[in-house]
Amino acid sequence: MNDQIFKTPIEYLKGVGPQRAEVLKKEVSIFTYGDLMHYYPFRYIDRTQFYKIKDANPDLPYIQILVRLKSFEVIGEKRAKRLIASALDDTGEIELIWFQGINWVQKNLKLNQVYIIFGKVTYFNGKAQMAHPEMELFNKATKNNGNLTLQPVYSSTEKLKQHGLDSKGLQRVIANLLDVCLNDVSEVLPSYLIHQYKLNTGAVAIQNIHFPTDNLSLKKAQNTLKFEELFFIQFKMLRSKLLRTRKFKGNLFENVGDKFNYFYQNLLPFQLTNAQKRVIKEIRLDTQKGIQMNRLVQGDVGSGKTVVALMTMLLAIDNGFQACLMAPTEILATQHYHSIKALLLDDFVSVKLLTGSTKKKERRIIAEELESGKLSILIGTHALIEDPVVFKNLGLAVIDEQHRFGVEQRAKLWKKNVIPPHILVMTATPIPRTLAMTLYGDLDVSVIDELPAGRKPIETLHMYENQRLRMFGFMKQEIAKGRQVYVVYPLIQESAKLDLKNLMDGVEVMSREFPLPDYRISIVHGQLNAADKEFEMQRFVKGETQIMVATTVIEVGVNVPNASVMIIENAERFGLSQLHQLRGRVGRGAEQSYCILMSSHKLSKEGKIRLETMVKTNDGFEIAEIDLQLRGPGNIEGKQQSGIMDLKIADLTHDQKILQEARKSIVKIFEEDPELQQPEHAILKTFVTKAENGIALNKIS
Ligand code: ADP
Ligand code: MG
């Protein structure tokens, strides 16, 4: 075995050379033998089966038919010029047609020969037709293909094709590659797992993923490579979790003290839901073990995560620690500050807010009080971890809306105390459980799966542009009842200017429809400075304005219980999870709330499914599942931190079972042999050693 061979620069491979190497690097990031070996086909053409012309139909994928070429002729002029051929088998006739490369085809076609034609069959005027078929003379084809029955198809690009690396070209160089290094492919999984899950050994999997002999061997190779991939992503995460719990002690929150109890008995304005109680209990158990807690609390918008965070902070304080809460935006941090202040009595515990706009003098006071321990709770944006803020004894850090905080940022927090603080991450972006396992594999997960009692489910409607007057009428009706309304415009990140224009056009329409003095409108968008934003927000929060026109800056966390209508303009331009987040801004009070999705009549198929889903369900987890199916996991927020982007073959939508099996086996390994000392784990030990020596983990070969 020789691992080094996989690091050989790709230009040294037979059939590649410096020029093609350059294109391979630029176009598809293939630098080495190893990279090329892991460049898998994205589909396979079934060469095992021949169709008859009478059975061919447009519903079939690319198929092959054995035909005899009867005639061909060029017709039309210039741009309309085309080559039409007629071919027969014993069941009927098919028309073959070329619009390009006509001269070349014409020169090479041989009348009365038997060909394998390959392509997609369509019907035109009741006649079977195949455009630009791939053609091979029957004899030659059978000789060349050998026992290759499933032909790999590799994705290529224009540039690659110009250099002779279309799918077929790639197939050739990969065949050369396997000739020289298939024997050097080393095993990566312990052999008992290969046995238990009926996987291939490494080399066989590589051989069969590129050149399968039949569907069964292909399937097995795919399973093997998916398993390997999902195994090592999770192995890394679970191992770092293991190391962390070993390396760091955790602060002990053993006592439920005065602050917690007093708050619970005297200040809490409502009954906790059972889900909230359960999550608080899970946190309590976690914080008594002497190991550092890293817990993700998932709960739909409005499920009441803030109060869970607050009570955990009180628990920290009761045990002599300080706590901090971080939010992704200033608006949200400020909102948290106000709502937490409102829940606590003035001098009950000391709480302060630190954001980008905090004045110097106030900053100094905060710094002093944090260091002396006078300040118990600090709320802020992530400026909080960048800031050279020194705590006397930080015991807990709460991070709201996790997906904007990476693993590395979390790690920074650990340095804020001798014993790293417990970490509680809160997110309203519901993530299917299995996906959460991979995304946040190093976190434990709690779920608040219940909304506070008395909430009426939000009613969602989809309206088209021509129903706009009806929508205005509805707004007026609700405002007359004393309610407030959000109107949200999409944010096109590429063009801040265009966003603003969109929004301002909207504001103009709104101001005409809802004129002063009867109506007042707040306007909030990303280009306002913090003070103006806050001012506009507060006018709406206090009920001085009835309508808030905004871009998606209001997406996370804003809490105005009296707002009962959410209008989303150009709703088709939003993703599902974002729509769901926005809808969650209403339905926070006792009133019946509504969400109106405005769209044009022109909807993509996917856009239509998104809007229908929103109308159909309020369940965040169901929406997340559908979102996952529509977009694939590659587009789920937070993926950048997880390695999911690098998945070469596994697909989290379809391979959840493999994901779970892989995880199960890793958990078992760490339970039974955490040091990886048993001989059958030597292979994993090597992997770990390599990893610790800084070798890229996803390039194991
Ligand atoms: P989210 O989970 O989206 O962060 P919040 O914590 O902002 O939700 O809570 C939404 C609203 O519900 C707040 O006004 C909060 O005071 C209220 N709330 C939270 N828990 C309960 C409960 N158990 N009963 C009634 N209202 C609650
Ligand atoms: Mg919240």
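The values are calculated or read from the model by the stated rules, or taken from the named source; none is laboratory data. Everything quoted here is computed from the prediction, not taken from an experiment. Note that each Cβ is placed from the backbone with ideal geometry, even for glycine, and that neighbours are counted across all protein chains shown.
What's the number of the only condition in (1) surrounded by fewer than 17 Cβ atoms within 10 Å (Cβ to Cβ); (2) modelled with pLDDT of 85 or more that ARG610 fails to meet?
Answer for ARG610: the failing condition is (1).
Restrict the check to region 525-539 and report whether at least one residue is out of contact with any Gly (no Cβ under 9 Å at 6 or more places or on another chain), under 29 Å from ASN466 (Cβ atoms), surrounded by 21 or more Cβ atoms within 10 Å (Cβ to Cβ) and modelled with pLDDT of 90 or more.
The answer is no, given that none of the residues of region 525-539 is out of contact with any Gly (no Cβ under 9 Å at 6 or more places or on another chain), under 29 Å from ASN466 (Cβ atoms), surrounded by 21 or more Cβ atoms within 10 Å (Cβ to Cβ) and modelled with pLDDT of 90 or more.
In region 191-219, what residues are polar (S, T, N, Q) and assigned to a helix (DSSP H, G or I)? Can you show your working first?
Kept after step one, since they are polar (S, T, N, Q), are these residues of region 191-219: 191, 196, 200-201, 207-208, 213, 215, 217.
Passing the criteria: SER191, GLN196, GLN207, ASN208, ASN215, SER217.
Checking PRO9 against (1) surrounded by 15 or more Cβ atoms within 10 Å (Cβ to Cβ); (2) at pLDDT 95 or above; (3) not assigned by TED's automatic domain parsing to the domain that holds ASN139, which test does it fail?
Here PRO9 meets the rest and fails (1).
So which residues in region 261-276 are under 37 Å from the mean Cα position of the chain (by Cα) and without any contact (Cβ under 8 Å) to a residue 60 or more places away in the chain, if there are any at all?
Listed by number, the list holds a single entry, LEU272.
Can you tell me how many residues in region 191-236 are over 17 Å from GLN171 (Cα atoms), of a type in the set (S, T, N, Q) and surrounded by fewer than 18 Cβ atoms within 10 Å (Cβ to Cβ)?
Count: 4.
Mind checking which residues of region 252-303 are among the acidic types (Asp, Glu) and either away from ligand 1 (no atom under 15 Å from the Cβ) or in the same structural domain as SER577 (by TED's automatic domain parsing) (or both)? Talk me through it step by step, then tell me what you get.
Applying the first criterion (among the acidic types (Asp, Glu)) to region 252-303 yields 254, 258, 282, 286, 300.
Within region 252-303, GLU254, ASP258, GLU282, ASP286 qualify.
Pairs under 6 Å by beta carbon, first residue more than 16 Å from ligand 1 (Cβ to nearest atom) in region 453-465, partner of a type in the set (Gly, Ala, Ser), six or more apart or different chains?
From region 453-465, the pairs are GLU465/SER600.
Please work out which residue is farthest from the chain's Cα centre (by Cα), limiting yourself to region 10-24 and to residues that are β-branched (Val, Ile, Thr) and in a helix (DSSP H, G or I).
The residue in question is ILE10.
Give me the residue from region 51-103 that is among the aromatic types (Phe, Trp, Tyr) and either in a loop (DSSP other than H, G, I, E, B) or touching a helix residue (DSSP H, G or I) at 6+ places or on another chain (Cβ under 6 Å) (or both) and, out of that set, surrounded by the most Cβ atoms within 10 Å (Cβ to Cβ). If you could, list the steps in order and put the result at the bottom.
Step one: list which residues in region 51-103 are among the aromatic types (Phe, Trp, Tyr), which gives 51, 62, 72, 98-99.
Cutting the leftovers down to either in a loop (DSSP other than H, G, I, E, B) or touching a helix residue (DSSP H, G or I) at 6+ places or on another chain (Cβ under 6 Å) (or both) gives us 62, 98-99.
On the way: TYR62: 16, TRP98: 20, PHE99: 13.
Checked region 51-103; the qualifying residue surrounded by the most Cβ atoms within 10 Å (Cβ to Cβ) is TRP98.
Could you say which residue among GLN578, GLN527 is over 22 Å from GLU478 (Cβ atoms) and within 16 Å of ligand 1 (Cβ to nearest atom)?
The unique qualifying residue is GLN578.
Being under 19 Å from THR551 (Cα atoms), among the polar types (S, T, N, Q) and modelled with pLDDT of 90 or more narrows it down to one of SER577, SER599, SER593, so name that one.
SER599
From the list LYS416, LYS412, exactly one residue is under 22 Å from THR287 (Cα atoms), assigned to a loop (DSSP other than H, G, I, E, B), at pLDDT below 90 and away from ligand 2 (no atom under 16 Å from the Cβ). Which is it?
On the way: LYS412 fails: assigned to a loop (DSSP other than H, G, I, E, B).
Going through LYS416, LYS412 in turn, just one is under 22 Å from THR287 (Cα atoms), assigned to a loop (DSSP other than H, G, I, E, B), at pLDDT below 90 and away from ligand 2 (no atom under 16 Å from the Cβ): LYS416.
Select from region 303-316 the residues that are crowded, with 22+ Cβ neighbours inside 10 Å and modelled with pLDDT under 95 and list them in ascending order.
SER303, LYS305
Given (1) near ligand 1 (Cβ under 10 Å from one of its atoms); (2) buried (at least 20 other Cβ atoms within 10 Å of the Cβ), where does LEU343 come up short, assuming only one miss?
Failed condition: (2).
For region 254-345, which helices (runs of 4 or more DSSP H) that fit wholly inside it have 3 or more residues that are over 20 Å from GLY380 (Cα atoms)? Can you show your working first?
Details: elements: 258-262, 274-286, 305-318, 330-343.
Once the helices (runs of 4 or more DSSP H) in region 254-345 are filtered for at least 3 residues that are over 20 Å from GLY380 (Cα atoms), what remains is 258-262, 274-286.
Count, please, the residues in region 305-327 that happen to be within 13 Å of ligand 1 (Cβ to nearest atom) and more than 25 Å from GLN271 (Cα to Cα).
Here the count works out to 1.
Evaluate the following for LYS168: is it of a type in the set (Lys, Arg) and in contact with a helix residue (DSSP H, G or I) (Cβ under 7 Å, 6 or more places away or on another chain)?
Values: of a type in the set (Lys, Arg): yes; in contact with a helix residue (DSSP H, G or I) (Cβ under 7 Å, 6 or more places away or on another chain): no.
Considered against the rule, which asks whether it is of a type in the set (Lys, Arg) and in contact with a helix residue (DSSP H, G or I) (Cβ under 7 Å, 6 or more places away or on another chain), LYS168 comes out as no.
Which one is nearest to ligand 1 (Cβ to nearest atom), of the residues in region 362-403 that are assigned to a loop (DSSP other than H, G, I, E, B) and within 35 Å of the chain's Cα centre (by Cα)? Give the derivation first.
Restricting attention to region 362-403, the residues satisfying the condition of being assigned to a loop (DSSP other than H, G, I, E, B) are 373-376, 381-382, 387-393, 401.
If we keep only those that are within 35 Å of the chain's Cα centre (by Cα) as well, we get 381-382, 387-391, 401.
Values: THR381: 17, HIS382: 18, ASP387: 24, PRO388: 29, VAL389: 24, VAL390: 29, PHE391: 24, GLU401: 9 Å.
For region 362-403, the residue satisfying everything is GLU401.
If GLY482 passes every condition in (1) at pLDDT 90 or above; (2) surrounded by 13 or more Cβ atoms within 10 Å (Cβ to Cβ); (3) more than 23 Å from PHE574 (Cα to Cα) but one, which one does it miss?
Checking GLY482 against (1) at pLDDT 90 or above; (2) surrounded by 13 or more Cβ atoms within 10 Å (Cβ to Cβ); (3) more than 23 Å from PHE574 (Cα to Cα), the one that fails is (2).
Could you pull out the residue among LEU343, LEU332, LEU396 that is away from ligand 2 (no atom under 16 Å from the Cβ) and assigned by TED's automatic domain parsing to the domain that holds HIS422?
Numbers: LEU343 fails: away from ligand 2 (no atom under 16 Å from the Cβ); LEU332 fails: away from ligand 2 (no atom under 16 Å from the Cβ).
None of the others qualify; the one that does is LEU396.
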